[in-house]
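Heads up, the thing below is written out as structure tokens.
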Amino acid sequence: MHGLESENRTPSRHMWSVSSRVSTITTTIVTVDWDGSSTNCFSKDGRKVSVGDCALFKPLHDSPPFIGIIRWLTTDKENNLRLVVNWLYRPSEIRLGKGIALEAVPNEVFYSFHRDEIPTASLLHSCKVAFLPKGVELPSGVSSFVCR
């Protein structure tokens with residue numbers, strides 16, 4: 001199901017290939033320390049994005065954006081920056097056995113070990129996800145997703 005990272009996999013249902021004719025220009029800056037290690041952040045549309053940030057990603061067709069956690073940055077053979085992302089799923093995206101109901105609060109998402117490497121062009125913007133223990137309520141006035 002999750003496989004080894006070195007094995008070849010077919011593209012997941014999450015991301016379509018990003019067209020080379022993207023109309024918006026995205027500036028990506030990866031800072032490298034003197035010892036050659038990356039600082040694990042970059043800039044997208046003037047906003048700093050870091051490893052560990054939760055973000056929204058371009059969806060298929062007219063569906064809601066995908067939600068993921070940026071785990072690390074990498075580059076492809078052409079030296080283009082790519083993101084390794086673990087996905088968070090909305091209740092509507094989870095299929096359980098017949099007759100099993102999934103209990104969820106509004107804006108609740110569920111963590112998965114499903115991981116993909118995707119182009120930075122698919123990133124829309126960062127978002128907030130509150131990781132709370134079961135039974136703890138999201139404080140009022142906080143606009144974000146909640147993951148238990």
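The values are calculated or read from the model by the stated rules, or taken from the named source; none is laboratory data. This is a predicted model, so every value here is computed, not measured. In this analysis, Cβ positions are derived from the backbone assuming ideal geometry, glycine residues included, and neighbour counts consider all displayed protein chains. Each accessible area value is taken on the protein alone, full model and side chains, heavy atoms only, with ligands, DNA and RNA left out. Shrake-Rupley method; radii C 1.70, N 1.55, O 1.52, S 1.80 Å.
For this structure, a couple of remarks:
- For region 39-50, the set of residues classified as free of Cβ contacts under 8 Å to residues at least 60 places away in the same chain and open to solvent by 50 Å² or more (accessible area, probe 1.4 Å) consists of THR39, ASN40, GLY46, LYS48, listed by residue number.
- Within region 55-64, at least one residue is of a type in the set (A, V, I, L, M), open to solvent by less than 50 Å² (accessible area, probe 1.4 Å) and under 19 Å from PHE42 (Cβ atoms).
- Any hit, region 26-35, residues being in contact with a strand residue (DSSP E or B) (Cβ under 6 Å, 6 or more places away or on another chain), open to solvent by 80 Å² or more (accessible area, probe 1.4 Å), of a type outside the set (Asp, Glu) and at pLDDT 90 or above: no
- Residue in region 11-24 that is modelled with pLDDT of 50 or more and over 17 Å from the mean Cα position of the chain (by Cα) present: no
- One residue alone among LEU96, LEU124, LEU132 is over 16 Å from ARG71 (Cβ atoms), at pLDDT 90 or above and not acidic (Asp, Glu), and that residue is LEU124.
- Residues of region 117-128 satisfying the condition of being small (Gly, Ala, Ser) and open to solvent by less than 40 Å² (accessible area, probe 1.4 Å): ALA121, SER122
- Checked against the criteria, HIS114 does not count as closer than 21 Å to PRO59 by Cβ, in contact (Cβ under 8 Å) with a residue 12 or more places away in the chain and surrounded by fewer than 15 Cβ atoms within 10 Å (Cβ to Cβ).
- Restricting attention to region 72-85, the residues that are surrounded by fewer than 16 Cβ atoms within 10 Å (Cβ to Cβ), touching a residue at least 12 places away in the same chain (Cβ under 8 Å) and under 17 Å from the mean Cα position of the chain (by Cα) add up to 2.
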